[in-house]
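Have a look at the structure below, then the notes.
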Amino acid sequence: MANFGMDIATVELEHDDKKFTPVPPGKYYMHIVGSDVQPNSKGNGSWVKFEIDLIEPNAGRKIWQLINFQHENTTTQNIGQRELKVIQRIFNLQAFTDSNEVHDKPFYAYVKIEKGKDGYDDKNVIDFDKTAKELLAPVQTGTPTPVAAAPAVEPPATGAAPSTSTQPGSGVPPWQQT
């Protein structure tokens, strides 16, 4: 038996009008601070639950992300496994078999609001589709500009005035003179 060390009957019960509101959708800097793998409530699959802390913006807010990675419904299972694949890609892991591998490593991901159901309020979840799209987007580097090594030019003797042929705007550069 665990003793509270106080009588809860003396605590006043008040209605709390402060309702939790999800953070706005967007890209957030965050890190996973905990995870747990368990069978689902119906016994027809398993999920991993990630506890995620936002770093910025909205530091201190949390997201709890459930991912069904094993399920008798193949569509549900495939979605969950793709979500875990996004996490693997975020951290550039060769193999990903243990959720502890991604704890306390900051990363960016998109967050969205999932509508509440069965009496539950709306909540934040990672937007894996949008995050994956950014991970898979080709890097835009533009047209490469060839870079040539600068030619060796002997510096003028100390105290000597620069030659007019090597001053800026004086015509042909020294390395092109013959």
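The values are calculated or read from the model by the stated rules, or taken from the named source; none is laboratory data. From a predicted model like this one, the values you see are computed outputs, not experimental measurements. Because the Cβ atoms are built from the backbone with ideal geometry, glycine has one as well, and the counts that use them run over all protein chains shown. Surface accessibility is based on the protein's heavy atoms, side chains included, excluding ligands, DNA and RNA. Shrake-Rupley method; radii C 1.70, N 1.55, O 1.52, S 1.80 Å.
Can you work out which of the residues in segment 97-109 that are closer than 20 Å to TYR28 by Cβ and not basic (Lys, Arg) is most open to solvent (accessible area, probe 1.4 Å)?
Taking the candidates together, the pick is TYR108.
Would you mind stating whether SER41 is within 22 Å of LYS123 (Cβ to Cβ) and surrounded by 16 or more Cβ atoms within 10 Å (Cβ to Cβ)?
No, not satisfied.
Looking for whichever is touching a His at 6+ places or on another chain (Cβ under 9 Å) and hydrophobic (A, V, I, L, M, F, W, C) here; the options are ILE52, ILE63. Which one fits?
Of the residues listed, the single one that is touching a His at 6+ places or on another chain (Cβ under 9 Å) and hydrophobic (A, V, I, L, M, F, W, C) is ILE52.
Just for segment 4-38: of the residues that are among the aromatic types (Phe, Trp, Tyr) and modelled with pLDDT of 90 or more, which one is most open to solvent (accessible area, probe 1.4 Å)?
The extreme case among them is TYR29.
Here's the yes/no breakdown for (1) open to solvent by 80 Å² or more (accessible area, probe 1.4 Å); (2) part of a strand (DSSP E or B); (3) touching a helix residue (DSSP H, G or I) at 6+ places or on another chain (Cβ under 6 Å); (4) within 23 Å of TYR29 (Cβ to Cβ):
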| position | (1), (2), (3), (4) |
| --- | --- |
| GLN65 | no, yes, no, yes |
| ASN68 | no, yes, yes, no |
| GLU83 | no, no, yes, yes |
| ARG89 | yes, no, yes, yes |
| ALA95 | no, no, no, no |
| VAL111 | no, yes, no, yes |
| ASP118 | yes, no, no, no |
| GLU134 | yes, no, no, yes |
